[in-house]
1. How many of the residues in the range 112-133 are under 25 Å from residue 37 (Cβ atoms) and touching a strand residue (DSSP E or B) at 6+ places or on another chain (Cβ under 7 Å)?
2. Of all residues in the range 133-185 being under 24 Å from residue 86 (Cα atoms) and without any contact (Cβ under 8 Å) to a residue 12 or more places away in the chain, which is surrounded by the fewest Cβ atoms within 10 Å (Cβ to Cβ)?
3. So which residues in the range 15-28 are out of contact with any helix residue (DSSP H, G or I) (no Cβ under 7 Å at 6 or more places or on another chain) and closer than 22 Å to residue 61 by Cα?
4. Would you list the helices (runs of 4 or more DSSP H) that sit entirely within the range 79-185 and hold 1 or more residues that are closer than 27 Å to residue 64 by Cα and either modelled with pLDDT under 95 or not assigned by TED's automatic domain parsing to the domain that holds residue 45 (or both)?
5. Residue 101 versus (1) touching a residue at least 60 places away in the same chain (Cβ under 8 Å); (2) loosely packed, with under 13 Cβ neighbours inside 10 Å; (3) touching a helix residue (DSSP H, G or I) at 6+ places or on another chain (Cβ under 6 Å): which is the lone unmet condition?
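The values are calculated or read from the model by the stated rules, or taken from the named source; none is laboratory data. Computed from a prediction, not measured in an experiment: that's the story for all the values here. For neighbour counting, all protein chains shown are included, and Cβ atoms are generated from backbone atoms with ideal geometry for every residue, glycine included.
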């Protein structure tokens, strides 16, 4: 297990990979303030860093837990002391908003309310709305196919998504990003 931590530190650096006390100071979730148990917390800012971290973990057979806003109630983001956490909290950039096309490209760690506010500033509506809007992240909303209070009018989160860029367990990056609903490519 120490080998995977050393490899992560060598590849990504101490700014991205946290170990020891920095890991245990994190709350387990929004609902549970007990210290986090994990070998390391990886806090990437870009897809390429997620890819490199997952490739290393895959090479060592290292289990990984992904974390976003930690607002989920089912403890799906709770790690054990033998796992590595990939926290998407730094992947919080709204990369593009296109009012003409009615689209936005955002990273997984963008907080729902941040996207709603930015869309409104462009005369648009991001229809998904939840009580946890100030802390839940778009990645978590996609992962859980969140519904929220506007679900009957606008549909589930999957109805708001045109495409995804995803990193597979071995570090491979797949992209289906498209500015159009219908894509025959």
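1. Initially, the range 112-133 is screened for residues under 25 Å from residue 37 (Cβ atoms), giving 132.
Subset that is touching a strand residue (DSSP E or B) at 6+ places or on another chain (Cβ under 7 Å): none.
Total satisfying the criteria: 0.
2. As a first pass, look at the range 133-185 and keep what is under 24 Å from residue 86 (Cα atoms): 133-146, 157-158, 161, 163-177.
Now restrict to residues that are without any contact (Cβ under 8 Å) to a residue 12 or more places away in the chain: 166, 174.
On the way: 166: 14, 174: 9.
The selected residue is 174.
3. Step one: of the range 15-28, the residues out of contact with any helix residue (DSSP H, G or I) (no Cβ under 7 Å at 6 or more places or on another chain) are 15, 18, 20-28.
Once the filter is applied, which keeps residues that are out of contact with any helix residue (DSSP H, G or I) (no Cβ under 7 Å at 6 or more places or on another chain) and closer than 22 Å to residue 61 by Cα, the range 15-28 yields 18, 20, 23.
4. Working: elements: 112-121, 138-144, 151-154.
In the range 79-185, 112-121, 138-144 are the helices (runs of 4 or more DSSP H) which contain 1 or more residues that are closer than 27 Å to residue 64 by Cα and either modelled with pLDDT under 95 or not assigned by TED's automatic domain parsing to the domain that holds residue 45 (or both).
5. With (1) touching a residue at least 60 places away in the same chain (Cβ under 8 Å); (2) loosely packed, with under 13 Cβ neighbours inside 10 Å; (3) touching a helix residue (DSSP H, G or I) at 6+ places or on another chain (Cβ under 6 Å) applied to residue 101, the lone miss is (3).
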